[in-house]
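Beneath this line is the structure, given in structure tokens, with notes to follow.
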Amino acid sequence: MMGAPRRIHLHLPDHGLLTGDMAPLADRRSAASAPDSASICCSQSKSFFAGYGRTDSKRGSTSLPKFPAIAHVALTVSDLDRSRKWYQRLFGSDPVLDQDTGPFHQVVWSVSGALVAINGFPDLHSSEPFDERRPGLDHLAFACSSRSELEAWERRLNELDIPNGGVVDASYGSVLSFRDPDNIALELFASLG
């Protein structure tokens, strides 16, 4: 039996997370009671999905809507201070959250409506550099609107002295690949069309 729902409150200085598929969460708040920073409450219970699904009258069950957008990604790093500085330069902004959770320290940025976190564990199981050929993450890609935007990012990465593979064209789009200090594969991607 599930106990009382656990609630997570996330306060961001901007309202970037309240865009796209997450907008219905904002509708549950009274505009008059909204604080200066966004406040999102997610409950780990069936009530979290109330109002999001459709009832199938033939089966009497509730179906969920289309699969939701990615809300966040968390990357484990070997040197939190080094990675904090590197990602802060890359994103060009301060983190929205920097907290010691006890088991690990987490630093989070709001990036185009999603959250990107780096986690530093005091008891890392391995300090080997990232390798996409092991099970788990292959790479993390950030969306660009066009090839010309990729070219602008290539110039920016060069200004930051971040080694990169240059813009590469493929049948499905164009990509600009680079790696973080732990060798985690990152890319900027623009699809065709």
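The values are calculated or read from the model by the stated rules, or taken from the named source; none is laboratory data. What you are looking at is a predicted structure, and each value in this text was computed from that prediction instead of being measured. Don't worry about glycine lacking a Cβ; one is built from the backbone with ideal geometry, like all the others, and counts go over all protein chains shown. The area values use the complete protein model at the heavy-atom level, side chains included, leaving out ligands, DNA and RNA. Shrake-Rupley method; radii C 1.70, N 1.55, O 1.52, S 1.80 Å.
Looking only at residues in segment 117-131 that are of a type outside the set (Phe, Trp, Tyr), in a loop (DSSP other than H, G, I, E, B) and touching a residue at least 40 places away in the same chain (Cβ under 8 Å), which one is most open to solvent (accessible area, probe 1.4 Å)? Selected residue: 127.
Across segment 63-102, the number of residues qualifying as at pLDDT below 95 and over 19 Å from residue 139 (Cα atoms) comes to 8.
Hey, can you tell me all the residues within segment 138-169 that are of a type in the set (S, T, N, Q) and open to solvent by less than 80 Å² (accessible area, probe 1.4 Å)? Explain how you work it out, then say what you get.
Filtering segment 138-169 down to residues of a type in the set (S, T, N, Q) leaves 145-146, 148, 158, 164.
Result: 146, 148, 164.
Can you spot a residue in segment 160-177 that is in contact (Cβ under 8 Å) with a residue 60 or more places away in the chain, in a strand (DSSP E or B), in contact with a strand residue (DSSP E or B) (Cβ under 9 Å, 6 or more places away or on another chain) and not aromatic (Phe, Trp, Tyr)? Within segment 160-177, not a single residue is in contact (Cβ under 8 Å) with a residue 60 or more places away in the chain, in a strand (DSSP E or B), in contact with a strand residue (DSSP E or B) (Cβ under 9 Å, 6 or more places away or on another chain) and not aromatic (Phe, Trp, Tyr). Residues in segment 112-141 that are polar (S, T, N, Q) and either modelled with pLDDT of 95 or more or in contact with a Phe, Trp or Tyr (Cβ under 7 Å, 6 or more places away or on another chain) (or both): 119 only. Of all residue pairs spaced 6 or more apart or on separate chains, those with beta-carbon atoms under 8 Å, a first member in segment 64-77 that is without any contact (Cβ under 8 Å) to a residue 60 or more places away in the chain and a second member that is loosely packed, with under 11 Cβ neighbours inside 10 Å and charged (D, E, K, R) are 65/54. Kindly check whether there is at least one residue in segment 88-110 that is closer than 20 Å to residue 153 by Cβ, out of contact with any Ser or Thr (no Cβ under 7 Å at 6 or more places or on another chain), assigned to a strand (DSSP E or B) and not aromatic (Phe, Trp, Tyr). Yes, there is a match, as at least one residue in segment 88-110 is closer than 20 Å to residue 153 by Cβ, out of contact with any Ser or Thr (no Cβ under 7 Å at 6 or more places or on another chain), assigned to a strand (DSSP E or B) and not aromatic (Phe, Trp, Tyr). Return yes or no: is residue 179 more than 21 Å from residue 70 (Cβ to Cβ) and not small (Gly, Ala, Ser)? Against the criterion (more than 21 Å from residue 70 (Cβ to Cβ) and not small (Gly, Ala, Ser)), residue 179 does not qualify.
Please indicate, with yes or no, whether at least one residue in segment 147-168 is at pLDDT 95 or above, under 26 Å from residue 68 (Cα atoms) and touching a helix residue (DSSP H, G or I) at 6+ places or on another chain (Cβ under 8 Å). No, segment 147-168 has no match at all. Considering (1) touching a residue at least 40 places away in the same chain (Cβ under 8 Å); (2) touching a Phe, Trp or Tyr at 6+ places or on another chain (Cβ under 7 Å), the lone condition that residue 109 does not fulfil carries the number (1). Scanning segment 98-112 for residues that are within 23 Å of residue 160 (Cβ to Cβ) and open to solvent by less than 60 Å² (accessible area, probe 1.4 Å) gives 107, 108, 109, 110, 111.
The one condition from (1) part of a helix (DSSP H, G or I); (2) open to solvent by 80 Å² or more (accessible area, probe 1.4 Å) that residue 135 does not meet is (1).
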